[in-house]
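Peer 1: Quick one: the structure is below, questions incoming.
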Amino acid sequence: MRLSSETSILARTRTEKKLAGKALRTQVPRASHGAWNPGGDGRDPLEIIERSNEGRLRRLAPLRYGRMLRSPFAFLRGSPALMAYDLVQTPVTRKQVQTCGDCHLLNFGLFGTPERNLIFDINDFDETLQGAWEWDLKRLAASVVVAGRSAGVSEPGSRDAALACCRSYRQHLAEYAELSPLEIWYACVRAEDLIGIAPNAQSRKRREHVAAKARRRISDRLFPKITRAAGQGYRFVERPPVKTRVTDERLLELARQGFADYRTSLAEERRCLFDRYQLHDLAWRVVGIGSVGTRCLVALFLCDDRSPLLLQVKEARPSVFEAYTGQGPFENHGQRVVVGQRLTQSASDLFLGWARVAGHDFYVRQLRDMKYSLPVESFNAVDLEHYAQACGWTLARAHATSGDPAIISGYLGNGDNCDRAMTEFAQRYADQVERDHEALTAAHAAGHIEAIIEADD
């Protein structure tokens with residue numbers, strides 16, 4: 001039987017794949033990843049960010065700008081469209097994976113699996129799509145440097161943390177390249193793994209405290225804090241403009257139809273579980289920085305008027321990379337987010353699903369459910385370096401599930417050539433982020449943009 005060319009590629013040995021990856025260095029030298037050129041006079045960061053507001057709730061744009069003004073790291077988090085514009089102009093090997101698409105330090109964290117284990121993984125997939133592995137690694141490394149500077153970590157300390165992130169990615173990808181696809185799929189980074197590799201007793205104690213805190217972040221504990229008794233049921237406590245209840249009956253009916261559509265995206269056994277709960281209240285909720293202005297809600301479901309299920313409903317817009325790569329295979333962007341999440345996470349939320357309501361795509365997941373992100377902007381140099389290593393490890397596992405780790409590992413090699421190049425890019429791009437943040441600050445000071453500056457909690 002004659003094998004097709006595609007089948008022949010899949011049938012190659014690991015050694016052959018690594019050699020194929022190594023051969024890519026002649027086409028895309030590893031040192032080339034260290035370069036950064038803003039692309040001449042045509043790059044207008046404020047115009048690119050403003051375009052990303054199209055289709056959002058315009059009244060929330062000042063809130064988004066206010067959050068982006070807080071620091072260069074907040075600006076980086078709020079401007080994935082700008083970095084996508086920049087990244088598509090950088091060298092890539094064209095070896096694709098399912099990317100996170102918005103890979104920065106605060107899009108990693110702890111959360112609970114359906115089996116109630118606590119794991120560390122990527123936790124935001126709004127921009128996920130098939131793309132270059134380099135895009136994720138470069139954004140992650142740049143975020144390490146920007147977060148380090150925002151936290152007051154020295155420049156050598158921030159650089160070393162980014163280098164440790166890239167090294168961890170390379171070394172763990174090499175380990176995954178030796179495993180079978182099933183072994184990679186079953187692999188995960190547990191909270192116990194992070195505690196076990198803590199550099200000292202003090203750090204281990206802090207990580208144990210964080211893990212214990214994450215385990216307490218569940219619906220049963222959150223429910224009494226964000227709701228109040230009202231008649232025969234419960235209602236969300238409002239906090240305008242961040243959280244406001246939906247009271248318009250037309251919108252509530254659309255929501256009911258949307259949840260019926262969402263239900264069909266769940267597996268049969270999970271539909272049975274979902275059917276035990278009834279919708280009691282719904283509220284608009286402003287979340288994050290990059291997501292501000294998108295249609296996001298939180299829904300309160302109750303079983304027997306006492307057992308709560310809190311679901312987050314987030315609008316799924318086209319990935320910021322789709323302007324350059326074209327739309328992927330999914331007509332519903334909620335489905336794109338869900339499939340990308342399931343493909344790259346070691347475990348995904350029990351209620352993860354999608355729907356389309358009034359022409360808008362949404363995805364649904366539980367609110368919080370042991371989800372915990374670490375305060376990276378308060379890290380010292382040691383904390384930043386070890387956290388960056390954990391993120392590099394996690395990203396390697398995510399890419400290994402959907403891409404070919406042997407080819408990418410062959411390209412990266414055993415030395416630190418690519419680690420250093422990626423770190424050079426990270427430092428240069430961090431300088432660019434600071435310049436762009438200054439441009440936003442100047443535009444606000446001149447009255448060219450409106451921003452709402454929220455009080456610190």
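Peer 1: Under 29 Å between C-alpha atoms is the cut-off here; go through the chain and count lysine pairs that meet it, provided they're at least eight residues apart or on different chains.
Peer 2: Qualifying lysine pairs in the chain: 22.
Peer 1: Between Arg435 and Glu50, what FRET efficiency follows from the Cβ-Cβ distance if R0 is 22 Å, with the result rounded to 0.05?
Peer 2: Values: r = 17 Å, r/R0 = 0.79.
Computed FRET efficiency for Arg435 and Glu50 comes out at 0.80.
Peer 1: Also: Express in Å², to the nearest 10, the accessible area of Arg420 obtained by rolling a 1.4 Å probe over the protein heavy atoms while all chains stay in place.
Peer 2: Rounded to the nearest 10, that gives 120 Å².
Peer 1: Same structure, new question: On full extension of the chain, what length is gained from Arg342 through Arg94, given 0.36 nm per residue of separation minus the C-alpha to C-alpha distance? Present the calculation step by step, with values, prior to reporting the outcome.
Peer 2: Values: separation 248, 0.36 × 248 = 89.28 nm, distance 2.28 nm.
Value of the extension gain: 87.0 nm.
Peer 1: Between Arg263 and Ala323, what length in nm is gained on full extension when 0.36 nm per residue of separation is reduced by their alpha carbon distance? Numbers along the way, then the final one.
Peer 2: Details: separation 60, 0.36 × 60 = 21.60 nm, distance 3.05 nm.
Gain on extension, Arg263 to Ala323, equals 18.6 nm.
Peer 1: Assign unit charges at the C-beta atoms only (+1 for Lys and Arg, -1 for Asp and Glu), then state the dipole size of region 106-229 relative to its Cα centre in Debye, rounded to the nearest 20.
Peer 2: Details: 19 positive and 16 negative charges, 185 e Å.
Dipole of region 106-229, to the nearest 20 debye: 900 debye.
Peer 1: With every protein chain left in place and a probe of 1.4 Å, what is the accessible surface of Val237, to the nearest 10 Å²?
Peer 2: Per-residue accessible area (Val237): approximately 60 Å².
Peer 1: Grab the Cα-Cα distance for Arg250 and Glu192, subtract it from 0.36 nm times how many residues apart they are, and report the gain in nm with one decimal. Intermediate results must be reported in sequence, preceding the final value.
Peer 2: On the way: separation 58, 0.36 × 58 = 20.88 nm, distance 4.74 nm.
Gain on extension, Arg250 to Glu192, equals 16.1 nm.
Peer 1: Mind giving me the nanometre distance, one decimal, between the label points for Val242 and Ala201, set 7 Å out from Cα along Cα→Cβ?
Peer 2: Here the answer is 3.8 nm between the modelled labels.
Peer 1: Taking a probe of 1.4 angstrom, what is the accessible area of Glu331 in Å², to the nearest 10?
Peer 2: For Glu331, solvent-accessible area is about 150 Å².
Peer 1: Scale the Cα Rg of the chain by the rule-of-thumb value 2.2 N^0.38 Å and send over the ratio, two decimals. Kindly include the intermediate steps, with their values, before the conclusion.
Peer 2: Numbers: Rg = 22.2 Å, N = 457, 2.2 N^0.38 = 22.6 Å.
Normalised Cα radius of gyration, the chain: 0.98.
Peer 1: At a 1.4 Å probe radius, which order do Arg58, Arg206 fall into by accessible area, largest first?
Peer 2: Values: Arg58 130, Arg206 100 Å².
I get Arg58, Arg206, largest accessible area first.
Peer 1: Right, here's the next one. For the chain, what does the helix formula give at 222 nm: sum of -39500 (n - 2.57) over DSSP H segments with n ≥ 4, over the residue count, nearest 500 deg cm²/dmol?
Peer 2: On the way: 19 runs with 220 residues, N = 457.
Computed ellipticity for the chain at 222 nm equals -15000 deg cm²/dmol.
Peer 1: Please get the size of the charge dipole for the chain, origin at its Cα centre, with Cβ charges of +1 on Lys and Arg and -1 on Asp and Glu, quoted in debye to the nearest 20. Intermediate values should be presented prior to the final figure.
Peer 2: Details: 63 positive and 57 negative charges, 152 e Å.
Here the chain has a charge dipole of around 720 debye.
The values are calculated or read from the model by the stated rules, or taken from the named source; none is laboratory data. Values in this document were obtained by computation on a predicted structure and should not be read as measured data. Positions of Cβ are generated from backbone atoms using ideal geometry, with glycine treated the same way; all protein chains shown enter the neighbour counts. The area values use the complete protein model at the heavy-atom level, side chains included, leaving out ligands, DNA and RNA. Shrake-Rupley method; radii C 1.70, N 1.55, O 1.52, S 1.80 Å.
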